[in-house]
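What follows is calculated from the coordinates using simple rules that are stated; it is not laboratory data. Everything quoted here is computed from the prediction, not taken from an experiment. As a convention, Cβ positions derive from the backbone with ideal geometry for all residues, glycine included, and neighbour counts pool all protein chains shown.
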Amino acid sequence: MSESSFQDEVLTELGDDRLQEIAGLLGTDAGGAQELVGSSVAALSGELRQAAAEPASADEVRAAVDEVTSAEPPLQGVATLGGLAAGGLMAGVLAKLARPAATAVAKRTGLPPATVNRAVDILVPVVVAALTKRAAAKKAGGSGGGLGDLLGGGAKK
């Protein structure tokens with residue numbers, strides 16, 4: 001199986017309707033919304049990796065990753081129906097990291113922070129669904145399930 005990027009998986013999970021919703025928030029087209037989604041996913045991934053490395057939050061991140069890697073694959077549409085309540089620990093961790101990630105994206109893009117915050121809030125349940133699907137695929141393929149495996153790229157040991 002070829003390894004697709006995590007950002008691509010989030011975009012696929014997001015779907016055209018939600019991408020258009022983000023484009024509407026930003027006052028841009030689908031391409032502009034895709035750029036923001038890519039930047040936001042990268043920022044959330046970075047914040048998650050950093051939280052995993054911090055002694056104060058490492059246990060919570062580890063528990064959230066364990067929950068995601070032990071979960072069954074989500075039903076189609078869970079990201080749009082369940083919201084944060086359906087995402088368990090990972091949704092809670094990502095919700096805490098959403099503001100710092102959105103602030104970083106707003107600074108980098110020059111977009112209004114409130115607008116980026118709303119877009120990132122839309123992305124949190126989608127990222128949880130993509131992480132859960134990726135974990136299920138990796139489990140089925142017999143590979144590990146740590147944070148580095150889920151996010152791709154440099155695994156944090």
Study note, to complete from the structure: Simple spin-label estimate for Asp121/Asp59, 7 Å along Cα→Cβ, in nm, reads 3.1
Practice item. Order these peptides, 23-33, 57-67, by their mean beta-carbon neighbour count within 10 angstrom, highest first. Key: 57-67, 23-33
Check your understanding: Can you list the HN-Hα couplings for region 26-35, worked out from phi with the Karplus curve (6.51, -1.76, 1.60; θ = phi - 60°), rounded to whole Hz and with x for Gly and Pro?
Key -> 7, x, 9, 9, 4, x, x, 5, 4, 4
Point to revise | Vicinal HN-Hα couplings computed from phi for region 104-119 (Karplus, 6.51 cos²θ - 1.76 cosθ + 1.60; Hz; Gly/Pro x) | key: 5, 5, 4, 5, 5, 9, x, 6, x, x, 5, 5, 5, 4, 5, 5
Check your understanding: Can you give the Rg and Dmax of region 91-131 based on its C-alpha atoms, in angstrom?
Key -> 10.0, 28
